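A short write-up of the structure that comes next.
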Amino acid sequence: MGSSSEVQRKCRRRSSRVCQYCQRRKVRCDLAVHGSPCTNCSHFGVECVVPGKTWKFENGSPLQILETQFQGCYEDNEKTPSPIAFLPAWEAAEVEGLFKSIANSEGHAGGSKDETAKLQDHMLFSPPVIKEWAFFGYLIDEPKPEFIQRSSANLETHEIQYLRVKGALLIPNEEFLRELLRAFIQRVYYVYPILNIFDFLSAIVSDDGRHSVSLLLFQGVMLSAIPYVSLDRLVAEGFYSRKQAQDAFLQRVMALYNVGYETEQLPMIQTSLLLSLTDDPTAVKDSWHWLGLSLSFAQAVNFHLDTPENCKGDKGLSRRIWWSMFTRDRKLALGMKYPCRIRDDTYQVPMLALDDFGLHCGDPAISWLVGQDMGLQNTDYQKKVALISIQSAAMSVVIGEILMLQYASSPRPFSIGGLPSATIVPRRTATRQDIQLYEHKLSLCIKYESTEFQWTEAKASHQLDTSEDETLLLLQAESSLMHLTTSMALYRPQIWPVQNSDSTDSDLQAYSQYQARLVASKVLEICDFVQGRGLFSRLSHITATSVHQAALIHLSFINSADAVEQMLNFNKFNQCFRLLKDMDDIHMTAKLGVILLDSIAQKVALIQGTSLPALLL
């Protein structure tokens, strides 16, 4: 019988090798077991192509790579300063000692003075390398910080070295950490309350080892906050663009995920849901993939039956996580790219209530970390935010019913302008009674719990004195945009007449056209108002979906016989286009929407002989 370590290592992990066909289809691949071709490729008769690059290292051990890159960090040089000079004294001592110990343990005596000078010159002319160490506060495998939970997985030496090289064991410095946590609370947690924020922040503040945070969850929180941190802050930390910063933090999370660093289910569920917020439809593992993974983990521990495991008896947390997944699923479906994953007959979780949020004043020490303007010491403010979350969850239920009524899955996806387009198509079978029924249900959702949270410019026009006021304004705006986007999804199938069919009468068509244009105009009004307050860049990607749908509706009426009406639709379409352009450096959905709308506009202009492209300049 083998040793205990050998018994623990018998549990099979995800294979690190997968062929391109299985990776694209996101199915299990047995390439590592059976060799090429794998079973799937043999069954379907396709070529089994094995990617040439894996995460294993071919250019020496990670310690040798680190030593080579930072060899000049601990050599004396009077002409040029070492990158360690950019660190505080206590951090510089830790980094210097770390690399000296690496050199001694590997048995290297260091390079010559000429080689060291060349390396230092290379580092000085490579700003990301220098600022990388100014950005990283400390390594977690050193005595600090104590709030990071040590992994219970039996990682091998090469796996730990892999995490080091990928930056997964590095923590932001105090100032940048504060900005990331503030952005997470304001723009992620208040929309998706998937963790106990007071326990999370208290563990970081105390840093005494009594309370700890999963490293995987911590890096996921940092990643989700990147889109809402100012670009100036990211540049100051050494990143050239927001995309570069997001890729760097995503690399850390993926490294921890690939080696199986986390063994508990709850952090896996939370982190997978946070990864579904990464707005990159072009990625192999996109939001749809991570949401499905989070849903699978949640169902494995009975979150969908309201009998959660691994939640330490906190049903409020499990319900918030479930309804956050549900809301995220419906928001993705509103983009008309994916159908709903969660069916109404597959869960037994009651609707959220205020008791599920655990409203209370947190530890005053938390204010030292994130500031006093986050609303964490104000139960009245927390109640307002919680009611908006409940309203969004209730609206998500109606969204699923509307999408089931009005749309069906397409047998095959198609593309417009070389970009993937909708995989669901309109049914066009709804009656006037169906439309009125769901109009009534949506009106009840927007008034859920209280009419205080309906969006009106009169209520939103008050002075924004604190960050709490700004956050509440953004939450109200996004809730209203979600409602308006759902309304557009309800009316759009009836806008165009159906050939050789009597399912859509002229009265219903005229009514749907009028309501669709009215709703699309309201979307622009809200976006213009928020943009006028200088907060438009802080809106989430549901805004890009809303503006994109509004642009398509305005574009569908450019063939109006009335010249004034035609020009009005041109102007509103152009306005939508410009709004998406303002968001394209923050959300990839907006960037793809710009490309897609430009392609459609070019084709429409070519067919009708108009000068539409000039309006997009």
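Quick notes on this structure:
- Where labels lie 7 Å past Cα in the beta-carbon direction, separation of ALA365 and ARG427 in nm: 5.6 nm
- If you take all other residues with their beta carbon under 15 Å from the beta carbon of HIS554, and give Lys and Arg +1 and Asp and Glu -1, the sum is 0.
- FRET efficiency for ASP314 and ASP585, using Cβ-Cβ distance with R0 set to 35 Å, rounded to 0.05: 0.35
- Working from label points 7 Å from Cα in the Cα-to-Cβ sense, the ASP247 to TRP496 distance is 3.7 nm.
- Sorting 218-228, 511-521, 341-351, 471-481 by their mean Cβ neighbour count within 10 Å, with the most densely packed peptide first, gives 218-228, 471-481, 511-521, 341-351.
- Cβ-Cβ FRET estimate between ALA283 and GLU175, R0 fixed at 30 Å, reported to 0.05: 0.50
- Label-to-label distance, nm, for residues given as HIS43 and SER152 (7 Å Cα→Cβ offset): 3.4 nm
- The stretch 178-314: C-alpha gyration tensor shape, a/c 1.5 cut-off, then a/b vs b/c: oblate
- Too-long pairs where the Cα-Cα distance tops 21 Å, listed order kept, from LYS285/LYS337; LYS384/LYS522; LYS285/LYS591; LYS522/LYS572; LYS166/LYS337; LYS285/LYS603: LYS384/LYS522; LYS166/LYS337; LYS285/LYS603
- Looking at the stretch 141-216, the GluC sites (Glu not before Pro) that sit in a DSSP loop and have at most 13 other Cβ atoms within 10 Å of their own Cβ are GLU156.
- Cα-only Debye scattering, the stretch 284-374: base-10 log of I(q)/I(0) at q = 0.20 Å⁻¹: -0.97
- Efficiency of FRET between ILE160 and ALA32 - r from beta-carbon atoms, R0 30 angstrom, step 0.05: 0.90
- Convex hull (Cα only) mean projected area of the stretch 484-569, reported in nm² to one decimal: 6.3 nm²
- Full extension of the chain between SER443 and HIS211 yields a length gain of 79.1 nm, computed as 0.36 nm times the residue separation minus the alpha carbon distance.
- Close amide H contacts of TYR407 (hydrogens built in the peptide plane, cut-off under 5 Å, sequence separation of 5 or more or a different chain): ARG427.
Here, each number is a calculation from the coordinates, and none is a lab measurement. None of these values were measured; they are calculated from a predicted model. Every residue, glycine among them, receives a Cβ derived from its backbone with ideal geometry; neighbour counts consider all protein chains shown.
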